[in-house]
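Asks: This structure is in structure tokens; I'll ask about it shortly.
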Amino acid sequence: MSAAFRISGAGRLSQAKTASFSFDDKSYTGIEGDTLASALLANGVHLVGRSFKYHRPRGFLSAGAEEPNALVQIVRDDARKTPNVRATVQELYDGLTANSQNRWPSLAFDVGAVNDIASPLFSAGFYYKTFMWPKWAWRDLYEPKIRAAAGLGVSPDKPDPDHYAARYAHCEVLVLGGGAAGIAAALAAAETGVRVILADEQAEFGGSLRFESGARIDGQDGYAWARAAIAKLKAMGNVRVLSRTTAFGYYAQNFVGLVERVSDHLKNPGRELARERLWQVRAKRVVIATGAIERHMVFANNDRPGVMLASAARTYLNHYGVAVGRNVGVYTANDSAYAAAIDLNKAGVNVAAIVDLRDNPAGPVIDEARALGIEINFGRAVVSASGKLRVSSMTVQPKNGGGERTIPVDAILMSAGWTPSVHLFSQSRGKVAFNDETKRFVPGTYAQDCVSVGACNGTDGLDATIDEAYAAGAKASKDTGGSARKSAKPKVDAGESWSRGMLGAAPGAGPGTTVKAFVDFQNDVTAKDIRQAVHEGMHSIEHVKRFTTNGMATDQGKTSNMHGLAIAAEELGKPIPQVGLTTFRAPYTPVTFGSIVGHARGALFDPTRRTATHGWAASQGAVFEDVGHWKRAWYFPKAGEDMHKAVDRECVTVRKVGGLFDASTLGKIEVVGPDAAKFMELLYTNPWEKLETGRCRYGIMLREDGFIYDDGVVGRLAPDRFHVTTTTGGAPRVMNHMEDYLQTEFPHLNVWLTSITEQWAVIAVQGPKSRDIIAPLVEGIDMSDEAMPHMSVREGKICGVPTRLFRMSFTGERGFEVNVPADYGEAVWEALWAEGQKHGATAYGTEAMHVLRAEKGYIIVGQDTDGTVTPNDAGLDWAVGKKKTDFVGIRGLIRPDLVAKGRKQLVGLKTKDPKVVLEEGAQIVADPKQPIPMKMIGHVTSSYWSENCGRSIALALVAGGRDRMGQTLYVPMPNGTIEVEVTGMVFVDEKGERLNG
Amino acid sequence: MLLIRCPYCEEERPELEFRNAGEAHVVRSANIAGESDDDFEKFFFIRANPKGVIYERWRHIHGCARFFNAVRDTVTDKFVMTYKAGEPKPAKLPGAAK
């Protein structure tokens, strides 16, 4: 059974394919190919939402993307509850479930509508003026209440289960908009063989040909021509045709972002389909054919359900076969609404009257309407609409005042004229120009390689549009290497043409009136609000916009901006171009976060780097921590151990026996070449020329400003070869820093830099038994103290594979770092582990590593330094070559502030109560009794429980720290002040004897 | 996303492959240790930040890894030209009519 307002014989949908759906728990039947809007209208449903501020009942204003009113929540399941979906865009599928928004308890009876009655309180700038005081009330009272009342729709509270695809594409000609203009441009370009992409936001191409019943092209009905042309384009190998695809953003160098809605229109999309696909297209030329958007008339109660754009009513009739009423009124200031009246009249709908603001317009559509016997009233205005949940009548008055007459209607079709869609042109940074004659902004100065054609360019008439678009498509392809065209341009046999109209408030809603004549439906901005904003001092359109929120809703003022501007201009007594136009920004229509994020979420948000021993560590029950992209073993708890117990055991075992630690994440760079030592001299503070082959040195790298940038042990493998290590997090930037200087400041040096971080796995074996653990597996290296002292490096074999064996220590114990090719990392680790087991060694993680190094006062760059710490501040002055004449940072180091007294210096701290462990980052003061705010003289950089010391230990940056040895300082914390003593930074083995122990 | 022509690869590549490296033609003194405070301030801290044409360094970090120089308009974001590191500041810019 067909719905009550479906007109048999009208529209293009096959009546056979029905689809059932529900709206606010009531079931309806629609037809496949419907939008939710057309399906509801077919069932006579106009009331679909409540407005944002006044909670006024609202219906459908449009039949497209510009819809400000009909926002609904589409519910697929618990995790898929999409709010703010425009019912005019949502395609119907069988089983679709939609709910209205912004109403309680029901759409027809909404408590929030009290705001409408109280509306004098809620005028423009209400929030700014009202919730100013008392200050506390904002946080505790106003904001929570406003937040609860505001907002449209309800976000789903479960993770989005859908997936989103992304594609990059390149083409010579990108055509945005698939109406008559876009299709003509695409045809012209496609024939020349260049790559063409044609995109349109609708499910079906054709644009206004969907409702323009008078159009005939190449001997056929306009819409049939469009379908045939699209079929032809789809069959061409060089053309990509994208429907349901909105160009939402136009970026630099013809980079255009588009979102393709892949499956929102399907009943059961299935997992293999993405919900949406983001297209990032780079085009040599862009043809903008985005058309124009009809404006509403601004009169009292113009928001009542049933009051809609004339072109929308025509679309519902001519495309969907739906009559928006049985007895409609028409209110217009231009010709195009006549065509709607004529089409509806021919379909059997009674047109009660056409009310035309113009005095004596003439033209074929007017003649035709008159011939059909439709009542036409020139020089008159609709001054008000009546009816609450649905319009019931319109009140008509001569436009200069006079007797009123009320005409019963169940819908009002309105047209104030057409606004060229210059959004994308404007986003491309093109400057619009105001055409004073036609009262519209059209593309003026271009900033990119694009061209606007058709209605969005202010071109009126189908013939002129196709001419212009075809020529533009041909030129764009010719400019980008297309071959000569073969076929002729489409011939327009008949077309519709209209322009002009009016901007601003209609009679009855002009200055001095207080009626609710809406300019912006979604944000409930009336003509009066705009005037009030001007009176209150908002003289720039940008200020008017923000004060009234005109054009700031999700529809971004597609129907409201020009009216708002005209009213402000009138009130200011200035011509429109002098008041200006607000900036068009991406996105053109709302874009989901999902489509922007794509697959980059959850586990795929960021790359994960795992070391060669990751699997082994996981099998041992290691707990991992994230260090940059790396997963590092944090600690290895045994049964029954918590983190503290595990770390304590690991720390004690390393100093007593030995431990194995995966240090593979350290950055490693090979510096090779005849000038390698010279290069090292320039990049590090230390001297390198005299470092013997086979020896290592702890190096410090500065930035040019003199602050510590990175550190690490460097081994000289050969006169022309250094194996440089960096901090884990610093590896990429150190490499970049080195390359920068090598390529641009010291290009005369003959040096090559190679990142070898991932090529070498590094196993640190530390502790008194370290040599005993390694030695049985090593070939060709004499590991005696005489042959291989602390800070040396040897090349040889371990477990039969090549190794760079460093003798070095980040624990203060005798220690080695075994470098092996990463592919052998796990095997060598397991061999070393087996040896270690014989001695009772432990595997230890990054937490124990941190404690052990802190016990020795070894700093971690980025933890104990923060980019404002010099080598001297860190107690590392010894590592700065005093005889050197140049290195990066040499000049920065002698800047006045860097040599001034009282700088923060790195020191040790011992809490007076040894059991108390300080909080890292805690601030330090000299006098805890001083009034707040206290003078902070430093902060804790590292702090741990040291089982080896039987007490807590800490490192801190303290002003003049090294002159405060033995002093008592204070760390004020929420639970009381902690007393600390300033000490040296070494807590274990001050003489360093254990390095050879 | 911009397209940037790498003067070493001799082709336009997407911005994702590049990283900005600050103002170009800031020369590090051969005798930097002996530089006055004023000169060091100019070298290290002071940058032009113009509205319009800027000379800056870029690195084709995810490509050939070379540093090069570029002339860009900070208003339009357009790259006027790119050239190799070490080459002098171009005396004349292409299309510099305005």
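Asks: Can you list the residues of the stretch A:870-889 with backbone N under 15 Å from a point 7 Å past the Cα of A:Leu749, pointing along Cα to Cβ?
Replies: Correct set: A:881, A:884-889.
Asks: Same structure again: Find, to one decimal place in angstroms, the Kirkwood hydrodynamic radius of the stretch A:299-415, where the mean of 1/r is taken over every pair of different Cα atoms and then inverted.
Replies: 13.7 Å
Asks: Which one, A:Ile412, A:Gly182, A:Gly481, is farthest towards the positive end of the dipole of the protein assembly as shown when Lys and Arg carry +1 and Asp and Glu -1 on their Cβ?
Replies: Among A:Ile412, A:Gly182, A:Gly481, the one farthest towards the positive end of the dipole of the protein assembly as shown is A:Ile412.
Asks: Residues of the stretch A:27-69 with the amide nitrogen closer than 13 Å to a label point 7 Å from the Cα of A:Arg585, along Cα-to-Cβ, please.
Replies: From the stretch A:27-69, the list is empty.
Asks: How do the peptides A:486-499, A:924-937, A:409-422 rank, highest first, by the average count of neighbouring beta carbon atoms within 10 Å per residue?
Replies: Top of the packing list down: A:409-422, A:486-499, A:924-937.
Asks: To make sure I understand, if each residue's beta carbon is the centre and we count other beta carbons within 10 Å, what order do B:Val80, A:Val734 fall in, fewest to most?
Replies: B:Val80, A:Val734
Asks: How many percent of the alpha carbon pairs in the stretch B:3-84 exceed a separation of 23 Å?
Replies: The calculated P(r) of the stretch B:3-84 puts 31 percent of pairs beyond 23 Å.
Asks: Sort A:His939, A:His319 so that the residue with the fewest other Cβ atoms within 10 Å of its own Cβ comes first and the one with the most comes last.
Replies: A:His939, A:His319
Asks: Let me ask something else. At B:Val26 and A:Tyr446, where each label point lies 7 Å from the Cα along Cα→Cβ, what is the point-to-point distance in nanometres?
Replies: Inter-label distance under the simple model: 3.8 nm.
Asks: Which order do the peptides A:311-318, A:784-791 take when ranked by the mean count of other beta-carbon atoms within 10 Å per residue, highest first?
Replies: A:311-318, A:784-791
Asks: Of the options A:Val324, A:Pro361, A:Ala959, report the single residue whose Cα projects farthest towards the positive end of the charge dipole of chain A (beta-carbon charges: Lys, Arg +1; Asp, Glu -1).
Replies: A:Pro361
Asks: Could you state the angle between the C-alpha long axis of helix A:222-234 and the longest principal axis of the C-alpha atoms of chain A, as a value from 0 to 90 degrees rounded to the nearest 10?
Replies: Tilt of helix A:222-234: around 30 degrees.
Asks: What whole-number distance in Å separates the alpha-carbon centres of the stretch A:663-706 and the stretch A:80-97?
Replies: 63 Å
Asks: About the Cα centre, and with charges only on the beta carbon of Lys, Arg (+1) and Asp, Glu (-1), how big is the dipole of the stretch B:3-84? Nearest 20 debye, please.
Replies: Result for the stretch B:3-84 is approximately 240 debye, rounded to the nearest 20.
Asks: In addition: Evaluate the distance, in nm, between pseudo-label points positioned 7 Å from the Cα of A:Val652 and of A:Asp963 along their respective Cα→Cβ axes.
Replies: Label-label distance for A:Val652 and A:Asp963, simple model: 4.3 nm.
Asks: Relative contact order of the stretch A:503-587, please, whole-number percent, based on alpha carbon pairs below 8 angstrom and at least 6 residues apart.
Replies: 31 percent
Asks: Distance from the Cα centre of the stretch A:545-560 to that of the stretch B:57-89, in angstrom?
Replies: Using only Cα atoms, the two centres lie 40 Å from each other.
Asks: Please compute, for the alpha-carbon atoms of chain A, the extent along each of the three principal axes and give them in descending order in Å.
Replies: Extents along the principal axes: 115, 73, 56 Å.
Asks: Hey, what number do you get for the protein assembly as shown at 222 nm if only DSSP H runs of n ≥ 4 count, each worth -39500 (n - 2.57), divided across all residues, to the nearest 500?
Replies: -5500 deg cm²/dmol
Asks: If I take all pairs of Cα atoms in the stretch A:465-524, what percentage of them are more than 20 Å from each other?
Replies: Of all Cα-Cα distances in the stretch A:465-524, 59 percent exceed 20 Å.
Asks: What dipole magnitude, in Debye to the nearest 20, does the stretch A:885-997 give about its Cα centre under +1 on Lys/Arg Cβ and -1 on Asp/Glu Cβ?
Replies: 340 debye
Asks: Treat the count of other C-beta atoms within 10 Å as a stand-in for reagent exposure and order B:Leu16, A:Leu503 from fewest to most.
Replies: B:Leu16, A:Leu503
Asks: Place a point 7 Å from Cα of A:Ala433 in the direction of its Cβ. Which residues in the stretch A:454-495 have their backbone N less than 15 Å from it?
Replies: Backbone N within reach: A:457-459.
Asks: At 0.890 mPa s and 25 °C, plugging the Kirkwood radius over alpha-carbon pairs of the stretch A:899-997 into Stokes-Einstein gives what diffusion coefficient in µm²/s?
Replies: Value of D from the Cα-based Kirkwood radius: 176 µm²/s.
Asks: Under a point spin-label approximation (7 Å from Cα along Cα-to-Cβ), what is the A:Glu920-A:Gln759 distance to one decimal in nm?
Replies: Result for the modelled spin labels: 3.2 nm.
Asks: On a straight-distance basis, which aspartates and glutamates could pair with A:Lys838 in a cross-link, Cα separation under 14 angstrom, same-chain partners fewer than 8 positions away excluded?
Replies: Those aspartates and glutamates meeting the cut-off are A:Asp772, A:Glu830.
Asks: For the protein assembly as shown, build the charge dipole from Cβ charges (+1 Lys, Arg; -1 Asp, Glu) around the Cα centre, then report which of A:Ile773, A:Phe679, A:Gln578 sits farthest towards its positive end.
Replies: Of the options given, the answer is A:Gln578.
Asks: Could you state the number of Å between the C-alpha centres of the stretch A:236-281 and the stretch A:566-584?
Replies: The distance from the Cα centre of the stretch A:566-584 to that of the stretch A:236-281 comes to 36 Å.
Asks: Search the structure for amide H atoms under 5 Å from the amide H of A:Arg440, placed 1.01 Å from N in the peptide plane, and list their residues when 5 or more places away or on another chain.
Replies: Distant-sequence amide H within range of A:Arg440: A:Asn435.
Asks: Now for a different question. Report, in debye and to the nearest 20, how large the dipole of chain A comes out about its Cα centre when Lys and Arg carry +1 and Asp and Glu carry -1 on their Cβ.
Replies: Dipole about the Cα centre, nearest 20: 1100 debye.
Asks: Then there is this: When the chain is fully extended, how far beyond the present Cα-Cα distance does B:Asp37 get from B:Asp73, taking 0.36 nm per residue of separation?
Replies: Using 0.36 nm per residue and subtracting the Cα-Cα distance, I get 9.8 nm.
No lab work stands behind these numbers, since they all come straight from the coordinates. Keep in mind the model is a prediction, meaning the values are calculated, not measured. Neighbour counts run over all protein chains shown; Cβ positions are idealised from the backbone, glycine included.
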